[in-house]
Amino acid sequence: MKKKIVVLTGAGISAESGIRTFRDSNGLWEGHDVMEVASPQGFERNPELVLDFYNQRRKQLLTVAPNAAHIALTLLASHYNVSIVTQNVDDLHERAGSTNVIHLHGELLKVRSTTDEKTILDWTKDLFLGDKCPGGNQLRPHIVWFGEMVPQMENAVKEVKTADIVLIIGTSMQVYPAAGLVDYAKTGTPIYFVDPKPAISEGDFNNLHIIPKTAVSGVPDLVNDLIKKVS
Ligand code: APR
């Protein structure tokens, strides 16, 4: 029976693909206050600004590629039962070849009805006011905005609770409930934390291995070590 690895990723794993993180750029997201472009109030106040912001993000995503860290994680799947729980809204894990990916904060390449959150459509072009779902209602980005529910949290908790090993890559551990996921790991579960500026320290968990490197320099070696353990 393959051991289970759960990988929690944040913006840092996509940084070397050219997608900026949130808190490395003094809290502005591409020059915008996050509450202006990533909250229901912001969308209510200025829908065109918000739709344009995500149109820019979507366009940029289509010009970047997965990096060596995304790709290394796919190699784990031949030796472990791997599930990825990401806070990222990009599709770089999927484009690298990962199949079992939970997006806690939504997906940039999807949109949904403003009146029925179950009506979700794949969407790679620009989204404008007047673009409607089949039910005739305005479409919005399929992104979890600040203050909104995180529907995938329950599934994510189930994954972490059953992990034999947890990897945490490229997250500042500042946004809940995502940041609290690691607390659901069974006591003693080995946790590998990859981040050039780690937000936690060795004493925070009882079996924590901090790798103070970028994802591209730290994850491929970590994956090789984890594969050696079971080869
Ligand atoms: N490799 C690995 N980690 C990196 C790299 C890199 N090349 N560059 C930066 N980092 C680390 C930073 O040190 C930081 O700890 O990635 C982390 C990025 O933190 P944030 O920008 O806060 O991103 P994240 O933790 O994913 O934010 C969580 O906040 O704005 C909301 O919904 C948004 O999903 C996002 C959530």
Calc'd 3J(HN,Hα), segment 140-149, phi into Karplus 6.51 cos²θ - 1.76 cosθ + 1.60 (θ = phi - 60°), Hz, glycine/Pro = x, comes to 9, x, 8, 10, 7, 8, 4, x, 8, 5
Length-normalised contact order for segment 69-111 - Cα pairs under 8 Å, 6+ apart - percent: 42
How many nm is it between the label spots at T115 and E30, if each spot is 7 Å from the Cα in line with the beta carbon? 2.9
Among R23, R58, R140, which one moves the most in a GNM of the chain with springs linking Cα atoms closer than 10 Å? R23
Based on alpha-carbon centroids, what's the gap between segment 158-202 and segment 102-149 in Å, whole number please? 29
The chain: calculated mean residue ellipticity at 222 nm from DSSP helix runs of at least 4, using -39500 (n - 2.57): -8000 deg cm²/dmol
Over 28 Å between Cα atoms, which of K2/K186; K186/K229; K4/K125; K59/K228 qualify? K4/K125; K59/K228
Quote the charge dipole size of the chain about the Cα centre in Debye, to the nearest 20; the model charges only the Cβ of Lys and Arg (+1) and of Asp and Glu (-1). 620
If the elastic network links every pair of Cα atoms under 10 Å, which of D204, D164, D90 fluctuates the most in the Gaussian network model of the chain? D204
FRET efficiency for Q174 and N100, Cβ-Cβ distance as r, R0 = 41 Å, nearest 0.05? 0.95
Return the long-range amide H neighbours of V194 (sequence gap of 5 or more, or a different chain), with a cut-off of under 5 Å between placed amide H atoms. I168, I169, G170, I211
Using the Cα atoms of the chain, I'd like the radius of gyration and the largest Cα-Cα distance, Dmax, both in angstrom. 17.9, 56
Rounded to the nearest 10, the angle in degrees between the Cα long axis of helix 47-61 and the longest principal axis of the Cα atoms of the chain comes to 40
Longest principal axis of the chain (C-alpha) makes with the long axis of helix 215-230 (C-alpha) an angle, in degrees to the nearest 10, of 50
Identify the chymotrypsin sites (Phe, Trp or Tyr not before Pro) of segment 108-181 meeting these criteria: DSSP loop state and at most 16 other C-beta atoms within 10 Å of the C-beta. F128, F146
Hey, how much of the P(r) for segment 146-201 falls beyond 18 Å, as a percent of Cα pairs? 35
Through the Karplus equation 6.51 cos²θ - 1.76 cosθ + 1.60, θ set to phi - 60°, convert the phi angles of segment 151-159 into ³J(HN,Hα) values in whole Hz; use x for Gly and Pro. x, 7, 4, 4, 5, 5, 4, 4, 5
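Values in this text are rule-based calculations from the coordinates and carry no lab data. Remember, predicted model here, so these are calculated numbers, not experimental data. Cβ atoms come from the backbone with ideal geometry, glycine included; neighbour counts cover every protein chain shown.
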